[in-house]
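Report on the structure given below.
The values are calculated or read from the model by the stated rules, or taken from the named source; none is laboratory data. As the structure is a computational prediction, the values presented were derived from the model and not from experiment. A quick note on method: Cβ atoms are made from the backbone with ideal geometry, for glycine too, and the neighbour counts reach across all protein chains shown.
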Amino acid sequence: MSRLVPLAMMVLILALSATTVWAIPAQWTETWEGYTNGVTPYDSWELQAGSWGGIFTPGLDSNKCYSVNQGQTSRIRKAVHLDDHTHIVLQGWLFDSGGLNNSMLGLAGDTTADDNCMIRIGATGAANYQIQYFDGLQSPSVITVDTGLPVEQGWHFVRLDISFTPNFLNIWNVKWRVWNAARTVEKSGEFGWWFAKADSNWVTVGSPVATPGAVAWDGIQVGSITDVGPPPPIQGDLTPPTIVSVTSSPPHVSRGGPVTVTVVATDNVAVTSVTADSTPLGYAGANTWTGVIPARSAPGTHTIPVVVRDASNNESTDSSATYVTDRTVGVPVRSLVAGGAVNDAAGIFTFRTWGIITSKGYDYFYLSDGSGPAVKVHCPYHNQWAGTRIQVTGTWNPTASPAQLETTYDGLKELL
């Protein structure tokens, strides 16, 4: 019996050891969705340096994330068993508030709180995002790879593919990639690395150095290429343009008459097209697009559907601007000058009249048909001359002094 007891104990110890090793997952995904807002990560997450951050909303795509405040030091870790993988993937999404912040996603060996990561990617307090790794065959100090992607505010996708093809130096290949916040630019590269896979048993998130600005992590995945899958394609810009304002003039117009539409719009990358009622508008500078659309035929109030698009075909719409299509009534000049019924009909009808220009200024001219006094026509930049025979279609403004027919250049038609 004395020999059997030690043997039984040894079998039990080996079984427990095996259970401990294999209880560590070979892959996992962390989206933080199972946590309550405001709590610190629990389960198998451990605090390695500094203090805990917390789970907050919004994270990536308005979901939850692990967030670290400005001025805070925080690095947490979670175990992973990678011994059976020959192609390891580590990826996640970093939110950077902008500035020279500190927060990285990495693989680590020992459990101390010092600078123990074997490889990591993210924000290092430099102007560009970086990869840092340790390789005893190359250098006793940390080796830094500059991704060339400038630090900016927003969510950034980062990924490391660490794969092995048998070679006499046992060198692994590291392929890295990182996206800008607009998801329009991907920087990538690769390098050889002497990787002690058996010693890499932790995923680390954060930094043992305080971050000047707030940072957050979401959508962290680690495992084999089969577990995580291939790199996603660059998603492109997902942010639609912002429509600042839409204006139109005149408020009343005849059927088919000109309506000038002006749109002010911005985009995180660039606005590439603006249409109003399906008519393309031209760029006038200072984020402003303008053009002329024909008024709809049916009498009444009409909305102007505006569509703004960017280079990634994101679009924003607006239908706040309106105009009124009035019925058009032909009247002699003397009826306009007399007012009366014409004044009562202002805002209900547009008016059309004919005559000869008797005098002019840069934004007006006087029109006579020989039936009585001339009527004033307000038309900025009309480019007309005295003596020209012309047809004018516009709206009557009885409150101006003197009362006047208001139109635009498109409301004028020279007569032979």
Checklist (1) out of contact with any Pro (no Cβ under 8 Å at 6 or more places or on another chain); (2) at pLDDT below 95 applied to residue 256, failing item
(1)
Select from the stretch 154-198 the residues that are of a type in the set (Phe, Trp, Tyr) and either touching a helix residue (DSSP H, G or I) at 6+ places or on another chain (Cβ under 6 Å) or not in a loop (DSSP other than H, G, I, E, B) (or both) and write down the one among them that is surrounded by the fewest Cβ atoms within 10 Å (Cβ to Cβ).
191
Residue match in the stretch 293-304 (condition: under 17 Å from residue 256 (Cα atoms), under 29 Å from the mean Cα position of the chain (by Cα), of a type outside the set (Gly, Ala, Ser) and not assigned by TED's automatic domain parsing to the domain that holds residue 406):
yes
Where residues in the stretch 56-68 are more than 13 Å from residue 220 (Cα to Cα) and modelled with pLDDT of 95 or more, which of them is nearest to the chain's Cα centre (by Cα)?
67
Among the residues of the stretch 67-78, is there at least one that is assigned by TED's automatic domain parsing to the domain that holds residue 223, surrounded by fewer than 22 Cβ atoms within 10 Å (Cβ to Cβ), closer than 28 Å to residue 239 by Cα and not hydroxyl-bearing (Ser, Thr, Tyr)?
yes
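Could you tell me whether any residue of the stretch 288-303 is touching a Phe, Trp or Tyr at 6+ places or on another chain (Cβ under 8 Å), closer than 30 Å to residue 152 by Cα and of a type in the set (Val, Ile, Thr)? Show your work before the answer.
First pass over the stretch 288-303, keeping only residues touching a Phe, Trp or Tyr at 6+ places or on another chain (Cβ under 8 Å): 289, 295, 301-302.
Subsequent filtering for residues that are closer than 30 Å to residue 152 by Cα retains 289.
Right, trim to of a type in the set (Val, Ile, Thr) and you get none.
Within the stretch 288-303, none of the residues are touching a Phe, Trp or Tyr at 6+ places or on another chain (Cβ under 8 Å), closer than 30 Å to residue 152 by Cα and of a type in the set (Val, Ile, Thr).
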Residues (of a type in the set (Lys, Arg) and buried (at least 18 other Cβ atoms within 10 Å of the Cβ)) located in the stretch 297-332
309
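Just to check your reading of the model, which residue among 327, 296 is out of contact with any helix residue (DSSP H, G or I) (no Cβ under 9 Å at 6 or more places or on another chain), part of a loop (DSSP other than H, G, I, E, B) and more than 30 Å from residue 235 (Cα to Cα)? Give the steps one after another, and end with the answer.
Working: 327 fails: part of a loop (DSSP other than H, G, I, E, B).
Matching residue, one of 327, 296: 296.
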Return yes or no: is residue 197 touching a residue at least 60 places away in the same chain (Cβ under 8 Å) and basic (Lys, Arg)?
yes
Quick check: is even one residue across the stretch 333-348 surrounded by 13 or more Cβ atoms within 10 Å (Cβ to Cβ) and either basic (Lys, Arg) or more than 16 Å from residue 395 (Cα to Cα) (or both)?
yes
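I'd like to check something: does the stretch 184-203 contain any residue that is aromatic (Phe, Trp, Tyr) and at pLDDT 95 or above?
Within the stretch 184-203, one or more residues are aromatic (Phe, Trp, Tyr) and at pLDDT 95 or above.
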Residue 98: passes all of (1) surrounded by fewer than 18 Cβ atoms within 10 Å (Cβ to Cβ); (2) modelled with pLDDT of 95 or more; (3) closer than 21 Å to residue 208 by Cα but (2)
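Let's see how each residue does on (1) of a type in the set (A, V, I, L, M, F, W, C); (2) in contact with a Leu (Cβ under 9 Å, 6 or more places away or on another chain):
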{"position": "322", "(1), (2)": "no, no"}
{"position": "325", "(1), (2)": "no, no"}
{"position": "345", "(1), (2)": "yes, no"}
{"position": "362", "(1), (2)": "no, no"}
{"position": "365", "(1), (2)": "yes, no"}
{"position": "382", "(1), (2)": "no, yes"}
{"position": "402", "(1), (2)": "no, no"}
Give me the pairs, please: first residue somewhere in the stretch 272-296 and in contact (Cβ under 8 Å) with a residue 60 or more places away in the chain, second residue anywhere and part of a strand (DSSP E or B), beta-carbon distance under 7 Å, and either six or more positions apart or on two chains.
292/258; 292/259; 292/260
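What strands (runs of 3 or more DSSP E) completely inside the stretch 205-270 contain at least 1 residues that are surrounded by fewer than 16 Cβ atoms within 10 Å (Cβ to Cβ) and under 21 Å from the mean Cα position of the chain (by Cα)?
The qualifying strands (runs of 3 or more DSSP E) are 242-249, 258-266.
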